[in-house]
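Here's the structure, in structure tokens; my notes come after.
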């Protein structure tokens with residue numbers, strides 16, 4: 001969209017267009033346009049966007065503890081993605097990730113802990129676990145969460161911290177995960 005054209009529109013039309021954009025695009029427009037910048041801090045824009053995007057009430061938005069409306073929106077977005085991952089709601093995770101930036105690796109860990117392998121696979125395909133530390137965190141979470149299929153998948157895709165995962169599985173008392181992790185050596189992890 002041409003920024004000059006957008007700037008020439010009446011405020012109510014700009015407001016409506018901004019509501020339909022992903023967060024990163026709104027923030028980008030506001031960085032490059034002095035005319036659009038005031039919209040970025042407009043409480044009603046972010047409240048209305050949260051109601052539309054996140055299916056929440058105005059009261060939920062208003063009661064979020066942060067005063068900055070962008071931070072309120074982002075907190076609620078992150079909470080919803082994290083919850084959807086733990087519930088295994090792949091469609092919702094996909095939709096919410098399209099709305100704006102999030103800590104995708106904490107979402108990965110929650111999905112791994114909950115044993116939501118389909119969500120784990122999706123998140124890995126969309127940039128989660130880009131480094132081995134993130135994969136290892138997810139492996140430890142899956143080991144604590146008692147899901148052998150997720151543990152196997154993460155080991156097969158590069159997670160290598162078998163010792164910590166074994167400690168987590170021992171703590172949660174999951175014998176099948178303990179047996180599996182004990183049967184592999186660190187050198188074999190991530191090679192299947």
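What follows draws every value from the coordinates through simple rules; no lab data is involved. Owing to the predicted nature of the structure, the values given are computational and were not obtained by experimental measurement. Glycine also receives a Cβ, built like all others from the backbone with ideal geometry; neighbour counts cover every protein chain displayed.
Side notes on the structure shown:
- Kirkwood-based shape ratio for the chain, expressed as Rg/Rh from alpha carbons: 1.12
- Residue among 59, 89, 105 with the largest mean-square fluctuation in a Gaussian network model of the chain, springs linking Cα atoms under 10 Å: 59
- Spin-label pair residue 65/residue 130, simplified geometry with 7 Å Cα→Cβ offset, distance in nm: 2.9 nm
- Computed with the Debye formula from one identical point scatterer per Cα of region 103-192, without solvent, the log10 of I(q)/I(0) at q = 0.23 Å⁻¹ comes to -1.04.
- Within a Gaussian network of the chain (alpha carbon springs, distance under 10 Å), most fluctuating of 103, 63, 41: 63
- The alpha carbons of region 50-90 stretch over 31, 15, 13 Å along the principal axes, in descending order.
- Each of 6, 117 was scored by other Cβ atoms within 10 Å of its Cβ. Listed from fewest to most, they are 6, 117.
- Across region 74-113, Cα-Cα pairs more than 11 Å apart make up 55 percent of the total.
- Angle of helix 69-87 to the longest C-alpha principal axis of the chain, folded into 0 to 90 degrees and rounded to 10: 30°.
- Relative counts (whole %) of C-alpha pair distances in region 2-80, using bins that are 5 Å wide: 3, 16, 30, 23, 15, 9, 4, 0
- Diffusion coefficient (Stokes-Einstein, Kirkwood radius over C-alpha pairs, 20 °C, 1.002 mPa s) for region 1-44: 207 µm²/s, rounded to a whole number.
- Distance in nm between pseudo-label sites at residue 87 and residue 37 (7 Å out along the Cβ direction from Cα): 3.9 nm
- Listed residues 26, 17, 140, most fluctuating in the chain (Gaussian network, C-alpha, under 10 Å): 17
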